[in-house]
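This report refers to the structure that appears directly beneath it.
The values are calculated or read from the model by the stated rules, or taken from the named source; none is laboratory data. Keep in mind it's a predicted model, so treat the numbers as computed, not measured. When we count neighbours, we look across all protein chains shown, and the Cβ atoms used for this are built from the backbone with ideal geometry, even at glycine. Ligands, DNA and RNA are excluded from the accessible area calculation, which covers all protein heavy atoms including side chains. Shrake-Rupley method; radii C 1.70, N 1.55, O 1.52, S 1.80 Å.
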Amino acid sequence: MTDLSLAIAHHLAVFTLVAVFAAEFALLRPGIDGRRLGQLGALDRAYGGIAMLVIVVGILRVIFGAAGWQYYVGNWVFWAKMIAFAGVGLASIQPTVAILRWVKAAKTDAGFSPPPAEVSAARRFLYLQAALLVLIPSFAAAMARGYGV
């Protein structure tokens, strides 16, 4: 029952992470300003929090899951999945820093809108995150079928 509960929690957290990412991706567009910047900031904070939940539940799955930690530690596909997840995290830094700066600017200037070049730069990092996010379930599916051991 522990393995099932952890698997369900992990999948729900991952699906929530992808949903929040999609909402952030849709909202981050040239011309964003005011209230939408506040919403973007809230989504970005949620994205970071849910990513931490995915990590915690994932660690619990490794330690307490039915496969046992030995399966994961010696599995190259698992490590490829972790590298992809770390890449997503690293690619999220630039947009997060930009969003924090924009939200702060919008609090002092109600008419503030980030420059289109900055929005485009942040979106490029979102595209990179999306590409890396596709790898994660691909690696997970391979692991579930015994690849990598």
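Of note:
- The mean sequence separation of alpha-carbon pairs under 8 Å and at least six residues apart, normalised by the residue count of the chain, gives a relative contact order of 34 percent.
- Heavy-atom accessible surface of residue 138, to the nearest 10 Å², is about 60 Å², with a 1.4 Å probe and all protein chains retained.
- Residues 44, 3, ordered by accessible area of protein heavy atoms at a 1.4 angstrom probe radius and largest first, appear as 3, 44.
- Furthest towards positive pole of dipole, 113, 55, 40, structure part the chain, Cβ charges: 113
- Note: relative contact order over the range 1-86, using C-alpha pairs below 8 Å and six or more positions apart, is 40 percent.
- For the range 44-128, relative contact order (Cα pairs under 8 Å, six or more residues apart, normalised by length) works out to 27 percent.
- Calculated FRET value between residue 82 and residue 105, using beta carbons and R₀ = 41 Å, to 0.05: 0.70
- What the Cβ-Cβ distance of residue 90 and residue 1 gives, at R0 = 35 Å and to the nearest 0.05, is a FRET efficiency of 0.45.
- If only the Cβ of Lys and Arg carry +1 and only the Cβ of Asp and Glu carry -1, the dipole of the range 1-53 around its Cα centre is close to 220 debye.
- Residue ranking by accessible heavy-atom surface, 1.4 Å probe, largest first, among 145, 101 comes out as 145, 101.
- Rg over Rh, two decimals, the chain (C-alpha only, Kirkwood Rh): 1.07
- When 61, 45 are compared by accessible area of protein heavy atoms, the largest-first order is 45, 61, using a 1.4 Å probe.
- Our note on the geometry: Cα centres of the range 41-79 and the range 93-149, 19 Å apart.
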